[in-house]
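Take a look at the structure set out below.
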Amino acid sequence: QVQLVDSGGGLVQAGGSLRLSCAASGRTFSRYTMGWFRQAPGKEREFVAAISWSGRSIYYVGYSDSVKGRFTISRDNAKSTVYLQMNNLKPEDTAVYYCAADRDRSSGSYSRHLQEYDYWGQGTQVTVSS
């Protein structure tokens, strides 16, 4: 029903920046809570950031402690796209990053649990060298 295409990953040196994008095909994107998760080799997929939906462009956002202050999640409903701006990248940020959509969240809420999300992107690789 909804297709998510995430992109923007690459290889950067520690301290560098990347901007990930996730474009959605659904007509109701503006009513979806959007999240970013990541998965490093041999590790479980973990929460990174989420942004709630809002009809008045006022959003609640949440971040994992490991990225707070360095990463910023945002959305452009006109483009049906969510972004993850990643600054001051560290080697431990190396992972495949996935965007996800939660279709049944109430306005102003979000989840940190991956099982709550309904649609997923294919993932984009982020590698940070030291």
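Computed quantities for the displayed model
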{"item": "Sole exception among (1) open to solvent by 40 Å² or more (accessible area, probe 1.4 Å); (2) outside any loop (DSSP other than H, G, I, E, B) for Tyr110, by number", "result": "(2)"}
{"item": "Residue in segment 46-67 that is under 15 Å from Gln3 (Cα atoms) and among the charged types (D, E, K, R) present", "result": "no"}
{"item": "Flag for Thr94 being surrounded by 16 or more Cβ atoms within 10 Å (Cβ to Cβ), closer than 20 Å to Ala24 by Cβ and within 15 Å of the chain's Cα centre (by Cα)", "result": "no"}
{"item": "The lone exception for Tyr32 - which of (1) without any contact (Cβ under 8 Å) to a residue 24 or more places away in the chain; (2) surrounded by 22 or more Cβ atoms within 10 Å (Cβ to Cβ) it fails", "result": "(1)"}
{"item": "Residue list for segment 1-15, filter: surrounded by fewer than 19 Cβ atoms within 10 Å (Cβ to Cβ) and within 20 Å of Tyr110 (Cβ to Cβ)", "result": "Val2"}
{"item": "Some residue of segment 5-21 being among the basic types (Lys, Arg) and part of a loop (DSSP other than H, G, I, E, B)", "result": "no"}
{"item": "Selected residue (only one of Leu18, Leu89 is open to solvent by less than 10 Å² (accessible area, probe 1.4 Å) and closer than 18 Å to Ser129 by Cβ)", "result": "Leu89"}
{"item": "Criterion: crowded, with 18+ Cβ neighbours inside 10 Å, on the phi < 0 side of the Ramachandran plot and in a loop (DSSP other than H, G, I, E, B) - qualifying residue of Val48, Val67", "result": "Val67"}
{"item": "Residues of segment 35-45 classified as in a strand (DSSP E or B) and open to solvent by 30 Å² or more (accessible area, probe 1.4 Å), total", "result": "1"}
{"item": "Matching entry among Asp76, Asp65 (being under 12 Å from Met34 (Cβ atoms) and out of contact with any Ser or Thr (no Cβ under 9 Å at 6 or more places or on another chain))", "result": "Asp76"}
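The values are calculated or read from the model by the stated rules, or taken from the named source; none is laboratory data. Since the model is a prediction, treat every value here as computed from it, not as a measurement. With ideal geometry, Cβ positions are generated from the backbone for all residues, glycine too; neighbour counts draw on all protein chains shown. The area values use the complete protein model at the heavy-atom level, side chains included, leaving out ligands, DNA and RNA. Shrake-Rupley method; radii C 1.70, N 1.55, O 1.52, S 1.80 Å.
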